[in-house]
Amino acid sequence: MDEAHLSDSTDPTLWADGLAAAAEAYRPRLLAAAERILRDPGDAEDAVQDALLAALRSQSRFRGEARPSSWLYRITINCALMRLRQRRRRPAVGFDDLSFPAAELAAGDEPAPDERLLLRERLEETGACLARLSPVQREAVLLRGVHDLSVPEVAGRIGRSAAAAKMLLHRARERMRSDPRAA
């Protein structure tokens, strides 16, 4: 079914069949557009799938003022942008989830081989998060997380006011929550 028939159709079954044909024809372009925004093939695939489902659900709102391919493209862009916003809001590793495996190793017995592997992975993840920080942010995070100092104590150690230290720790959290691929 061509685009002209798709835009003229009011029969939901016919429309769904036409949408499926259009989606198949435009899928490579939709994927490329989503990948340019998300920079991740898996997320792009999910965004295109979300877009196609959204188009099917909202077929009654298609006014026919644009070509169906343009409509699908716009929905895909919106879905990709929505995924990007969600990814920024939902970090892979949060500040409060950070653990400092070296402290755990020093405190306990020798871990089993599988625990050692998990500790090594957590250490690498923590190191990657810390690497995204400025030196003063890293110091503040380590003083707070490893040495368990209060914010006023951290402030005294780094030579800042308590409010400034609190803001520094907040900005460090935000930076650690950012997408690791952006580092």
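Can you tell me how many residues in segment 115-148 are farther than 16 Å from residue 168 by Cα and in contact (Cβ under 8 Å) with a residue 40 or more places away in the chain?
The number of residues fulfilling the criteria is 2.
Identify all residues within segment 96-133 that are exposed (fewer than 15 other Cβ atoms within 10 Å of the Cβ), under 17 Å from residue 178 (Cβ atoms) and modelled with pLDDT under 70; write none if there are none.
Residues satisfying the conditions are 96, 97.
In segment 39-64, how many are exposed (fewer than 12 other Cβ atoms within 10 Å of the Cβ) and closer than 17 Å to residue 18 by Cα?
Within segment 39-64, the first condition is being exposed (fewer than 12 other Cβ atoms within 10 Å of the Cβ), and the residues that meet it are 41-42, 57-58, 60-61, 63.
Narrowing the set further to residues that are closer than 17 Å to residue 18 by Cα leaves 57-58, 60-61, 63.
Looking only at that region, the number is 5.
Given the structure, is residue 36 out of contact with any Gly (no Cβ under 7 Å at 6 or more places or on another chain) and loosely packed, with under 14 Cβ neighbours inside 10 Å? Quick ask: steps written out before the conclusion?
Working: out of contact with any Gly (no Cβ under 7 Å at 6 or more places or on another chain): yes; loosely packed, with under 14 Cβ neighbours inside 10 Å: yes.
Yes.
The values are calculated or read from the model by the stated rules, or taken from the named source; none is laboratory data. These numbers were taken from a predicted model, which means no experiment stands behind them. With ideal geometry, Cβ positions are generated from the backbone for all residues, glycine too; neighbour counts draw on all protein chains shown.
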